[in-house]
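Accompanying notes for the structure given below.
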Amino acid sequence: MTISVTPISDAFVARIEGLDLRLDRSPAALGVVEEALDRYAVVVLPAQNLSDDEQIEISKCFGDLSYALNHGRAVGQNARLRPELYDISNLDEKHGILGEADRRRQWREADKLWHTDRSFIDADTTYSFLSGRIVPPTGGNTDFADMRRAYDDLPEAMKTRIADLQAVHSIWHSRALAGGVDFRPDEIATMPPVVQPLVRVHPRTGRRSMVLASHASEIVGIGPEEGRALLAELTAFALQPRYLHSHVWTQRDLVIWDNRCTMHRGTPFDDKTYRRDMRRTTVQGPSRYARAAA
Ligand code: OGA
Ligand code: MN
């Protein structure tokens, strides 16, 4: 069957059909995916009936796996999934819906703020792979923003102003924005703040984009209030409807996005009634496929 790549939003989301990544991870197939990610930024592969092992193996073709450090579990609570998988669900380790007071519920709230995965880690985080294992009947979309087009459309004076600026990113900032939890010192110590450039040049495409996220708290070298105001202004610009797309999940969709040029967020659903079991893998560094091809 031939592989088809069909844009489903104005400019930055495409659907890839005719490819089952469990069966075909040939350089040609991986090349189609990676080139679509370069051209668009988000790709949707329907009907990928993945096991955890398969999701991990597929992800590893595109870079080095990063590991999930913490899911807001209380001391003594076990992870539901193995550490290669980020648990983007409303479920506990017995696969039941999280209790109302469960700390993990609060932790997940921050995913509903616009963000870029792992911008709070000093690593070259590239792609995220989100697998829809159980999707609720309504709600629970994932929204995306195209940070390349948003950058391209900035007034020239703003491009000049932000060209060399850097922002401080911390996971604790987004967690606090989302309503806060009593973070333990041992949790905080695992992820200190990092500094990221505000404008990034994509190493594969040469395109510039803005690096924003709810993890970003201030801008280096300017006052905290001025920094926050500038971040808010840029974020409002990037979140204009023309740069956005909302993905409505179908069970077994695999959605892959490039964190270097997008932001995303989850949207609400009736999370006390329905299960939403999403599993994410995330990679960093150059892809093995690109390395093999080079
Ligand atoms: C993620 C994420 C939002 C969602 O998987 O990184 O932010 O739709 N997901 O649950
Ligand atoms: Mn995310």
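The values are calculated or read from the model by the stated rules, or taken from the named source; none is laboratory data. Model, not experiment: these values are computed from the prediction. With ideal geometry, Cβ positions are generated from the backbone for all residues, glycine too; neighbour counts draw on all protein chains shown. Side chains included, ligands, DNA and RNA excluded: accessible areas come from the protein's heavy atoms. Shrake-Rupley method; radii C 1.70, N 1.55, O 1.52, S 1.80 Å.
Structure above, values below:
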item	result
Surface per residue (accessible, 1.4 Å probe) for segment 147-191, Å²	50
Pairwise label distance in nanometres, ASP186 with THR205, each label 7 Å out on the Cα-Cβ vector	4.2
Length-normalised contact order for the chain - Cα pairs under 8 Å, 6+ apart - percent	33
Scattering curve values for the chain, log₁₀ I(q)/I(0), Debye with Cα scatterers, q = 0.12 Å⁻¹	-0.77
Heavy-atom surface of segment 1-130, accessible at 1.4 Å and reported per residue (Å²)	42
Segment 131-148 residues near the modelled GLN240 label - backbone nitrogen below 14 Å, point 7 Å along Cα→Cβ	146-148
Sequence-distant lysines (8 or more away, or on other chains) whose Cα lies within less than 29 Å of LYS60	LYS94, LYS112
Qualifying trypsin sites (Lys or Arg not before Pro) in segment 57-164, DSSP loop, other Cβ atoms within 10 Å at most 12	LYS94
Fraction of accessible area attributable to carbon and sulfur, the chain (%, probe 1.4 Å)	52
GLN251-ALA229 FRET efficiency (beta carbon distance; Förster radius 35 Å; 0.05 resolution)	0.25
Theoretical gain in end-to-end length, ASP64 to ILE134 [0.36 nm per residue, Cα-Cα removed]	22.6 nm
Inter-part distance where segment 233-275 and segment 141-215 are each reduced to a Cα centre, Å	16
Length released on extending from ARG82 to GLU57, taking residue separation times 0.36 nm less the Cα-Cα span	7.6 nm
Spin-label pair ASP124/ASP24, simplified geometry with 7 Å Cα→Cβ offset, distance in nm	2.9
Segment ILE8-THR160, extension gain: residue separation times 0.36 nm, minus the distance between their alpha carbons	51.5 nm
